[in-house]
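*Asks:* What follows is a single structure, and I will ask about it in a moment.
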Amino acid sequence: MIRIQFPKWHPVNALPSAVEQLKQRLSWDELDHLKLEKHLLFCLEEEVGSTTSSNSIDGDLTTKACEIGTSGKAFFSAREKMVLCGIGLIPMIQKVFGSDDLNFEVTAADGDTIQAGEVFITVTGRQDKILLIERILLNFLQRLSGVATATKRFVERIAPYGVNFLDTRKTSPGLRQLEKYATACAGGYNHRMGLYDRILIKDNHFAAASIGSLDKIASFLEGIRLRNPEAFIEVEVDSLDQFSEVVGSGVNAALLDNFSPDQIKQAVEMNVQRIALEASGGINEATLESYAQSKPHFISSGAPVHASQWIDIGLDWN
């Protein structure tokens, strides 16, 4: 289980602490490598039909039919400008796919900007084994580099306004840790990994708890704080009236859901630097800067994950 660690909450000078606590970035070493290897086993089965054979190449009917097995060299190159992500998967794929004897020469790291036409991986070894891992490695590199490249555009667009970018839980099922890692590689920050590592109270929680009126919100949140004195607590609000009830209730942050840029400006003025502010909901590349100009501490969006395009990466033989 990946758990983003938050220091103990304290009401004194709470704002700087809250903003800094939201600035969390996953590193490769923090990922759950065992889960990644299990996922790769499913990927292997997708390719060769079974993982019970001691020789995965037996499942590659085309390569067997062509009687390919001699040594060769191939190159991975970018066919468009991109932010690279997924290099750490290479040794895992080699291990799971039985291709440990392939030699990879990697000339770039995750998070690097790669120009169109640039070769960043050279692989040498048995051609049948290169063909076995070609598609799985391309799939991960293209997907994760697509997320990283889109995230980088978001980060660079809002940085001049002093606003930070946060990702969301709107991720591909089973790939959350990798897609969040791609966000981190591109300079974004990682929101909570799951339901287990932060309290984020949303409209459905208010509805389920029968908190239907504004005058009940503050006391409801104060009770949660009393029962969870050291927890990081964020609350989703959908109006300025809700925000005014939340801002003094002992929470750390407010998620301003579907606020207009003007409403965000008003929330910033009302906040008087008391809690961290996150703008979210309906924010895309076309509207991004207008929201950033309102100066929330963070803008969050799932768009770099769910709306990003796979990057065009090719494998060519020497």
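The values are calculated or read from the model by the stated rules, or taken from the named source; none is laboratory data. The shown structure was predicted, so the numbers you read here are calculated from the model rather than taken from an experiment. Note that each Cβ is placed from the backbone with ideal geometry, even for glycine, and that neighbours are counted across all protein chains shown.
*Asks:* Output the number of the condition that LEU240 fails; it satisfies all remaining conditions of (1) surrounded by fewer than 16 Cβ atoms within 10 Å (Cβ to Cβ); (2) in contact (Cβ under 8 Å) with a residue 40 or more places away in the chain.
*Replies:* (2)
*Asks:* Looking at the stretch 97-120, is at least one residue out of contact with any Lys or Arg (no Cβ under 7 Å at 6 or more places or on another chain), closer than 15 Å to LYS73 by Cα, among the polar types (S, T, N, Q) and in a strand (DSSP E or B)?
*Replies:* yes
*Asks:* Next question, about the same structure. Select from the stretch 155-165 the residues that are in contact (Cβ under 8 Å) with a residue 40 or more places away in the chain and touching a Gly at 6+ places or on another chain (Cβ under 7 Å) and list them in ascending order.
*Replies:* Within the stretch 155-165, just PHE165 meets the criteria.
*Asks:* Can I ask one more? Under the condition of being in contact with a strand residue (DSSP E or B) (Cβ under 8 Å, 6 or more places away or on another chain) and among the charged types (D, E, K, R), which residue from the stretch 66-119 is farthest from ASP316 (Cα to Cα)?
*Replies:* Among residues in the stretch 66-119 that are in contact with a strand residue (DSSP E or B) (Cβ under 8 Å, 6 or more places away or on another chain) and among the charged types (D, E, K, R), the one farthest from ASP316 (Cα to Cα) is ASP112.
*Asks:* For the subset of the stretch 68-91 comprising residues that are within 19 Å of GLN127 (Cα to Cα) and hydrophobic (A, V, I, L, M, F, W, C), which member is modelled with the lowest pLDDT?
*Replies:* Applying the filter and picking the extreme gives ILE68.
*Asks:* Right, next: May I ask you to list the residues in the stretch 96-136 that are surrounded by fewer than 18 Cβ atoms within 10 Å (Cβ to Cβ), in contact with a helix residue (DSSP H, G or I) (Cβ under 6 Å, 6 or more places away or on another chain) and in contact (Cβ under 8 Å) with a residue 60 or more places away in the chain?
*Replies:* Selection gives GLY111 alone.
*Asks:* Sticking with this one: Which of the residues spanning the stretch 241-270 are touching a strand residue (DSSP E or B) at 6+ places or on another chain (Cβ under 9 Å) and either more than 28 Å from TYR196 (Cα to Cα) or not assigned by TED's automatic domain parsing to the domain that holds TYR196 (or both)?
*Replies:* PRO261, GLN263, ILE264, ALA267, VAL268
*Asks:* While we're looking at this one, here's another question. What number goes with the only condition from (1) in contact with a Phe, Trp or Tyr (Cβ under 8 Å, 6 or more places away or on another chain); (2) closer than 17 Å to TYR181 by Cα that GLY72 does not pass?
*Replies:* (2) is the only condition that GLY72 fails.
*Asks:* Right, next: Residue check: is SER290 of a type outside the set (A, V, I, L, M, F, W, C) and outside any loop (DSSP other than H, G, I, E, B)?
*Replies:* Yes, satisfied.
*Asks:* May I pose another question? What is the number of the single condition among (1) of a type in the set (S, T, N, Q); (2) assigned to a loop (DSSP other than H, G, I, E, B); (3) without any contact (Cβ under 8 Å) to a residue 24 or more places away in the chain that ASN204 does not meet?
*Replies:* Answer for ASN204: the failing condition is (2).
*Asks:* Looking only at residues in the stretch 249-269 that are among the charged types (D, E, K, R) and in a helix (DSSP H, G or I), which one is surrounded by the most Cβ atoms within 10 Å (Cβ to Cβ)?
*Replies:* Ranking the qualifying residues of the stretch 249-269, first place goes to LYS265.
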